[in-house]
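Undergrad: Once you've had a glance at the structure underneath, I'll fire off some questions.
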Amino acid sequence: MALRVGILSVAHMHATSYAVCLADRTDANLVGVWDDESDRGKAFAAKYEVPWFASVDDLLANCDAVSICSENMRHAEHLEWAARAGIPALCEKPLVASEADALRVQRLIDDGAWIMTAFPCPYAPAFQQALGAIKGGQIGRVVGIAGTNHGSCPGGWFIESEKSGGGAMIDHTVHVADLFHRVLGAEPTNVRAQAGSPMYGESWDDTAMLTLDYADGVFATLDSSWSRPKGYMIWGDVTLRITGEEGVIEVDLFNPGVDAFGADGLRRRSTGSNLDRLMMDEFIAAVTEGRPAMTSGTDGLAASRVALAGYSSLRG
């Protein structure tokens, strides 16, 4: 029997990708949508030809698992709804955008809630190959990492702090912080950040640089900025430069593709793996098999706390 998956809020743009990933599966199907903005939810449901649920309880009663694609500051609440219904949840990143919400989600995890964080990057074949080489000792002990996650400002609720919890730093830090954790097997002992708004000149940060220190002397830098102007390639810029005592590994997680430059700017067509599809494969498999997911709620909390520590360092 196919796993029945619902979408709890379609505020985040990634909801569209997840709906597409579910559309052609035989082991799972999208059974409906709820959103607190009914017009937005109804339009999404109509586009993907699935039922619109006016009641959260009705949606949860009709699905076996749920994908949460709401605004950052609603994730904890929506995870609590799923946990009360006893339903596994794939939650959009950042898992949390405040310390208070981190405590709420930690309690859910401690109580046994099944939570997967929507981190597609660990499923990238390039990252998996690099991780295997590192664990196999090909570059010796890792001594430093430089990571990037660039893009342009998405606008909308992403720049409304009461909904997003911040700007570029909360949005773009978590993906790469999670990759650092997978490479180093440890959380940073200290996080320092510099952030500003040179691109847009608004109250929210559009540019952020973090430095992470680890207990064994390893350090990492992370450029997590909305620093790309219109017309420049803005999707899929997640890179790592991992330096070891005996070598260096450079990883571009979204590199496979064809770039075409013309009068109307850059057009990029990917020819590599669909990382959202690989992530959805893991979600369906983990729920069906009753096991933890590779990108867990605990992973999401750890990555979120790096971004929150960055903001804390700005306040002194």
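The values are calculated or read from the model by the stated rules, or taken from the named source; none is laboratory data. This is a predicted model, so every value here is computed, not measured. When we count neighbours, we look across all protein chains shown, and the Cβ atoms used for this are built from the backbone with ideal geometry, even at glycine.
Table: residues versus (1) surrounded by fewer than 24 Cβ atoms within 10 Å (Cβ to Cβ); (2) at pLDDT 95 or above.
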{"residue": "87", "(1), (2)": "yes, yes"}
{"residue": "90", "(1), (2)": "no, yes"}
{"residue": "98", "(1), (2)": "yes, yes"}
{"residue": "102", "(1), (2)": "yes, yes"}
{"residue": "148", "(1), (2)": "yes, yes"}
{"residue": "151", "(1), (2)": "yes, no"}
{"residue": "174", "(1), (2)": "no, yes"}
{"residue": "194", "(1), (2)": "yes, yes"}
{"residue": "205", "(1), (2)": "no, yes"}
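Undergrad: Here is a list of conditions, (1) surrounded by 21 or more Cβ atoms within 10 Å (Cβ to Cβ); (2) of a type in the set (A, V, I, L, M); (3) touching a residue at least 60 places away in the same chain (Cβ under 8 Å); (4) within 22 Å of residue 140 (Cα to Cα), and residue 218 meets all of them except one; can you say which number that is?
TA: Checking residue 218 against (1) surrounded by 21 or more Cβ atoms within 10 Å (Cβ to Cβ); (2) of a type in the set (A, V, I, L, M); (3) touching a residue at least 60 places away in the same chain (Cβ under 8 Å); (4) within 22 Å of residue 140 (Cα to Cα), the one that fails is (1).
Undergrad: Taking the stretch 108-127 on its own, how many of its residues are at pLDDT below 95 and of a type in the set (S, T, N, Q)?
TA: Number of matching residues: 0.
Undergrad: Moving on. Give the residues of the stretch 104-138 that are surrounded by fewer than 19 Cβ atoms within 10 Å (Cβ to Cβ) and polar (S, T, N, Q), sorted by residue number.
TA: 106, 128, 129, 138
Undergrad: Hey, among the residues in the stretch 147-191 that are among the polar types (S, T, N, Q) and outside any helix (DSSP H, G or I), which one's farthest from residue 226 (Cα to Cα)?
TA: Among residues in the stretch 147-191 that are among the polar types (S, T, N, Q) and outside any helix (DSSP H, G or I), the one farthest from residue 226 (Cα to Cα) is 189.
Undergrad: Give the residue that is surrounded by the fewest Cβ atoms within 10 Å (Cβ to Cβ), with candidates limited to residues of the stretch 20-45 that are touching a helix residue (DSSP H, G or I) at 6+ places or on another chain (Cβ under 9 Å) and of a type in the set (Asp, Glu).
TA: Only one residue tops the list, namely 27.
Undergrad: On to the next question. Counting only residues that are in a loop (DSSP other than H, G, I, E, B) and either in contact (Cβ under 8 Å) with a residue 12 or more places away in the chain or touching an Asp or Glu at 6+ places or on another chain (Cβ under 8 Å) (or both), how many does the stretch 45-94 have?
TA: Number of matching residues: 18.
Undergrad: Return the total of residues in the stretch 272-316 being at pLDDT below 95 and in contact with a Leu (Cβ under 8 Å, 6 or more places away or on another chain).
TA: So the answer is 1.
Undergrad: Return the total of residues in the stretch 38-88 being touching a Lys or Arg at 6+ places or on another chain (Cβ under 7 Å), over 25 Å from residue 156 (Cβ atoms) and either in the same structural domain as residue 164 (by TED's automatic domain parsing) or of a type in the set (Gly, Ala, Ser) (or both).
TA: 0
Undergrad: If a residue must be in a strand (DSSP E or B) and among the small types (Gly, Ala, Ser), how many such residues does the stretch 133-146 contain?
TA: Residues flagged as in a strand (DSSP E or B) and among the small types (Gly, Ala, Ser) within the stretch 133-146 amount to 2.
Undergrad: Still on this model: Would the stretch 23-31 turn up any residue that is over 19 Å from residue 82 (Cα atoms), assigned to a helix (DSSP H, G or I) and aliphatic (A, V, I, L, M)?
TA: Yes, that holds for at least one residue.
Undergrad: Hey, another quick one. Return the total of residues in the stretch 192-202 being touching a residue at least 40 places away in the same chain (Cβ under 8 Å) and not in a strand (DSSP E or B).
TA: 3
Undergrad: Given the residues 84, 25, which is the only one that is out of contact with any strand residue (DSSP E or B) (no Cβ under 9 Å at 6 or more places or on another chain) and either on the phi > 0 side of the Ramachandran plot or not small (Gly, Ala, Ser) (or both)?
TA: Within the list 84, 25, the selection yields 84.
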